[in-house]
1. Yes or no: segment 124-134 includes at least one residue that is modelled with pLDDT of 95 or more, crowded, with 16+ Cβ neighbours inside 10 Å, within 20 Å of Thr167 (Cα to Cα) and not aliphatic (A, V, I, L, M).
2. Does Thr171 satisfy the condition of being within 27 Å of Asp236 (Cβ to Cβ) and free of Cβ contacts under 8 Å to residues at least 24 places away in the same chain?
3. Taking only segment 178-226 into account, find how many residues are in contact with a Ser or Thr (Cβ under 8 Å, 6 or more places away or on another chain), aromatic (Phe, Trp, Tyr) and assigned to a helix (DSSP H, G or I).
4. Could you please let me know if Leu118 is modelled with pLDDT of 95 or more and either charged (D, E, K, R) or in contact with a Phe, Trp or Tyr (Cβ under 8 Å, 6 or more places away or on another chain) (or both)?
5. Inside segment 3-19, can you point out the residues that are touching a helix residue (DSSP H, G or I) at 6+ places or on another chain (Cβ under 9 Å) and either buried (at least 17 other Cβ atoms within 10 Å of the Cβ) or at positive phi (or both)?
6. Please verify whether segment 167-188 includes one or more residues that are of a type in the set (Asp, Glu) and within 21 Å of Ala212 (Cα to Cα).
Amino acid sequence: MDFVPKGIIPPIVTPFDNAGNLDEAAFRRVIEFVIDGGVHGIFPMGTTGEFYALQEDEYRRILRTAVEAAAGRVPVYAGCNDITTRGVIRLIKIAEQEKADAVSVLTPMFIAQTQRELYQHFKSIADSTYLPVVMYNNKPKTNVTIEPETVAKLAEIENIVGVKDSTGDFTNTGEYLRLTRGNDNFSVLLGRDTLIYAGLCYGASGAIASCANVAPRVAADIYDKYISGDSAGALDAQFRLAPLRIACNMGTFPAVIKEGLNMQGIQVGVCLDPIQPISSTEKENLRRVLVDMGLV
């Protein structure tokens, strides 16, 4: 398989109107904003896109809109997340129908699987589709992790092309990279925006970066400058992005990401209940971060 997940890929927010319905026009504006900002892919229906809050008909509409809006300029990675293997496969079939370029699959939530069960889960998913599969490890959210040895074994499956590591544990990321180092058909992506530069230095191929919704050019500069040989410029961009990622801790994720877009005049509304908007004090703190970054 010749698909290589690489660069900066924002997990796109899902804008909602006051009634809690998808705001398709705003969704298209966000996609245009990040592509104009130089990102290398888009990822609808990730954690930042509040995948857990949407019904299947909304899911299909979001993927269709994302593919239409991207218009072949960058690949579309469709989030396909469910507690059961068959639930993931059902979503993947929708992603195939809507012509996504690849899928991202989070570890199952709520239940605690063994590594043997995780291996079979991802193998069954890969066997069910022709699409490239990127595994998604977000232990802080799911309390489930894909151990490095399991990732290395799964990386031998032809259409499992990568893993996103959102653990924030760089030793774990390093082990993913070390144990798959000889596999040219497998990539490791960072899922923690403060570690993109470090990951690139270790051999990662890029990042699925939530802050790239708000600061696409800054995030893309980390990758583009590094690849061009400008390591100092890449590190400068990483340090510029870091305060925004740290500011995300002020609210329940992804409330800060949405507010950052709202502050730039890209109105995406708020998160669905029970997630609440950040406080007025937190908004003032976020605005200072965006001012310092030159975004507002």
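The values are calculated or read from the model by the stated rules, or taken from the named source; none is laboratory data. Being a predicted model, the structure only gives us computed values, none of them experimental. All Cβ positions, even for glycine, are placed from backbone atoms using ideal geometry, and neighbour counts span all protein chains on display.
1. no
2. When the stated conditions are applied, Thr171 passes them.
3. Selection size over segment 178-226: 1.
4. It is false that Leu118 is modelled with pLDDT of 95 or more and either charged (D, E, K, R) or in contact with a Phe, Trp or Tyr (Cβ under 8 Å, 6 or more places away or on another chain) (or both).
5. Across segment 3-19, the qualifying residues are Lys6, Gly7, Ile8, Ile9, Pro10, Pro11, Ile12, Val13, Thr14, Pro15, Phe16.
6. So far as segment 167-188 goes, yes, one or more of its residues are of a type in the set (Asp, Glu) and within 21 Å of Ala212 (Cα to Cα).
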